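*Asks:* Encoded as structure tokens, here's the structure I'll be asking about.
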Amino acid sequence: MVIQPEIQGVVARTAHPYGCQQAVQQQIDYVQSVAPMTQGPLRVLILGASSGFGLASRIALTFGGAQAETLGVSYERGPSDKGIGSAGWYNNIFFKQAAEQQGYIAKNIVGDAFSDEVRQHVAQTIRDEFGGHIDLVIYSLATGIRPDPETGEVWRSCLKTVGENFSGYSVDLENDELVPAELTAANDEEIFATTKVMGGEDWQQWINFLLSENLLAPKAKTLAYSYIGPESTYPIYHHGTLGIAKQHLHQTAIAINQQLAQMINGQANIVVCKALVTKASVFIPTFSPYILALFKVMKQMGNHEGCIEQMQRLFAQKIYSAAGTEKKQCNDSDEQSDLALIRMDDWELKPEVQLQVNKLMAEMNADNFRQVGDYAGYKSAFLALNGFGLSSVDYTQPVDIEELSRLAP
Ligand code: NAD
Ligand code: NA
């Protein structure tokens, strides 16, 4: 069968397996083309490894110099009568293939990271395949739901403001339009649920579990990814439900940092990333105009990065550089003093970038957003996430689903 992109709103209903393979390969090629990490972790557990920042971390740590062995957890769909399967499914398969070809251990566990079953499976795999210890745990889950491990009740996050409603625009990728969108104010229950899903509780539980099972090496580190953004977006992000959940994540980092320091001489950090097009971020209503403007400005200034550029710079220059991550170097004076934030949003938040972004945002409307903002870049980044639009793939060729079904993650 020949696979074409099918987009509904901001959701891709199809993915191209060989396009995903090429997208993974392009990221591998990138990290091999820049200055390598000269140190790094040997064995890494990545929760949320199949796309976005988690996948980019995995690629950077394996192919960007550190030669890490990786265990990736993700929630993805394989081929079935319902369809070809999700992009992340193929990212897992083709990352592993590429890693194994170079002699690196790469294992995938596909399942619900919130479940006890997956935790047990991870523990067993660390014992069996990773010599019993992990040096780095990356927490990069992005999801809208989390089951309560005690009761089975499901928490659902919501993307809302806190306080006042916000009216703006969102990109409609299906029709290439900018459409009016509104964020309504969340109630207390919705704020609570969002914090349960995207805050730090599950990260803390993972670390407790790994410690209690004695699976963390001495001096092991853990990282969780976050977003803050410029003040102009505070009403829709930093001060909204997701931002409150992220503040909880940041508070959790302080607790985990103390715990790891005491128990294994380890460390926890929050990495504040740049706003980028990922499967998760396209969902945030009224946020896309900011990304359109940001991409336009940063590409013009020559300091635009995607997930892979962000993650290679993070590990090579901020975490595993010769200087290391001494806490004093990554403290952020605006935040609580014992919270070590690593700022990968440093270029995004440059005053000259934000000045231009604000100008473009003020001009942008439903008629001119394709010119004023980088809509072409936004759309092609979205398509590439699903394996479409890659120059090295012949999309007129049918793919053999039976052959693909035999590939296991
Ligand atoms: P993404 O959708 O590309 O990746 C999410 C990953 O989580 C996937 O691997 C998915 O399979 C996995 N996942 C989701 N639910 C799961 C479950 N129940 N069990 C196991 N795996 C599950 O998202 P992303 O944008 O890379 O987000 C990762 C982190 O980065 C999030 O914390 C996000 O807030 C943060 N971040 C994103 C941006 C951005 O602009 N995209 C910016 C800064 C920070
Ligand atoms: Na991720």
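The values are calculated or read from the model by the stated rules, or taken from the named source; none is laboratory data. Quick caveat: nothing in here was measured; it's all calculated off a predicted structure. Quick reminder, even Gly has a Cβ in these numbers, built from the backbone with ideal geometry, and neighbours come from all protein chains shown. SASA here: full protein model, heavy atoms, side chains in, ligands and nucleic acids out. Shrake-Rupley method; radii C 1.70, N 1.55, O 1.52, S 1.80 Å.
*Asks:* Could you please give the count of residues in the range 200-219 that are among the β-branched types (Val, Ile, Thr) and assigned to a loop (DSSP other than H, G, I, E, B)?
*Replies:* 0
*Asks:* Further, regarding this structure: Pick out the one residue from 63, 53, 94 that is within 13 Å of ligand 1 (Cβ to nearest atom) and over 19 Å from residue 124 (Cα atoms).
*Replies:* Answer to the check: 53.
*Asks:* Would you please name the residue that is farthest from ligand 2 (Cβ to nearest atom), looking only at residues in the range 271-291 that are over 14 Å from residue 178 (Cα atoms) and of a type in the set (Gly, Ala, Ser)?
*Replies:* 275
*Asks:* Now, a different point. For the range 223-233, does any single residue satisfy the condition of being modelled with pLDDT of 95 or more, more than 16 Å from ligand 1 (Cβ to nearest atom), within 29 Å of residue 310 (Cβ to Cβ) and under 20 Å from the mean Cα position of the chain (by Cα)?
*Replies:* So far as the range 223-233 goes, no, none of its residues is modelled with pLDDT of 95 or more, more than 16 Å from ligand 1 (Cβ to nearest atom), within 29 Å of residue 310 (Cβ to Cβ) and under 20 Å from the mean Cα position of the chain (by Cα).
*Asks:* Could you go through the range 243-260 and let me know if any residue there is farther than 25 Å from residue 114 by Cα and away from ligand 1 (no atom under 13 Å from the Cβ).
*Replies:* no
*Asks:* Of the conditions (1) part of a helix (DSSP H, G or I); (2) open to solvent by 80 Å² or more (accessible area, probe 1.4 Å); (3) over 20 Å from residue 290 (Cα atoms), residue 391 fails just one. Which one is it?
*Replies:* Condition not satisfied by residue 391: (1).
*Asks:* Take the range 1-10 and flag every residue that is open to solvent by 50 Å² or more (accessible area, probe 1.4 Å) and either part of a loop (DSSP other than H, G, I, E, B) or among the charged types (D, E, K, R) (or both).
*Replies:* Answer for the range 1-10, where residues must be open to solvent by 50 Å² or more (accessible area, probe 1.4 Å) and either part of a loop (DSSP other than H, G, I, E, B) or among the charged types (D, E, K, R) (or both): 1, 2, 4, 5, 6.
*Asks:* Out of 128, 135, which single residue is farther than 18 Å from residue 60 by Cβ and of a type in the set (D, E, K, R)?
*Replies:* 128
*Asks:* Turning to a different aspect of this structure: Residues of the range 104-143 being within 12 Å of ligand 1 (Cβ to nearest atom) and among the β-branched types (Val, Ile, Thr), which ones?
*Replies:* Filtering the range 104-143 down to residues within 12 Å of ligand 1 (Cβ to nearest atom) leaves 108-115, 117-119, 121-122, 138-143.
Those that are within 12 Å of ligand 1 (Cβ to nearest atom) and among the β-branched types (Val, Ile, Thr): 109, 110, 118, 122, 138, 143.
*Asks:* Can you tell me which condition residue 75 does not meet? The list is (1) near ligand 1 (Cβ under 8 Å from one of its atoms); (2) closer than 20 Å to residue 22 by Cα, and all the others hold.
*Replies:* Checking residue 75 against (1) near ligand 1 (Cβ under 8 Å from one of its atoms); (2) closer than 20 Å to residue 22 by Cα, the one that fails is (2).
This table checks each residue for (1) more than 16 Å from ligand 2 (Cβ to nearest atom); (2) at pLDDT 95 or above; (3) under 30 Å from residue 159 (Cβ atoms); (4) out of contact with any strand residue (DSSP E or B) (no Cβ under 7 Å at 6 or more places or on another chain).
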position	(1), (2), (3), (4)
105	yes, yes, no, no
108	no, yes, yes, no
114	no, yes, yes, no
121	yes, yes, no, no
125	yes, yes, no, no
128	yes, yes, no, yes
135	yes, yes, no, no
138	no, yes, yes, no
141	no, yes, yes, no
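*Asks:* Next question. Looking only at the range 40-99, how many residues end up being within 14 Å of ligand 2 (Cβ to nearest atom) and of a type in the set (Asp, Glu)?
*Replies:* Counting residues in the range 40-99 that are within 14 Å of ligand 2 (Cβ to nearest atom) and of a type in the set (Asp, Glu) gives 1.
*Asks:* Considering only the range 11-45, state which residues are open to solvent by 30 Å² or more (accessible area, probe 1.4 Å), touching a strand residue (DSSP E or B) at 6+ places or on another chain (Cβ under 8 Å) and farther than 23 Å from residue 404 by Cβ.
*Replies:* Within the range 11-45, 42, 43 qualify.
*Asks:* Looking only at the range 100-114, count how many residues are within 20 Å of residue 51 (Cβ to Cβ) and not charged (D, E, K, R).
*Replies:* Of the residues in the range 100-114, 8 are within 20 Å of residue 51 (Cβ to Cβ) and not charged (D, E, K, R).
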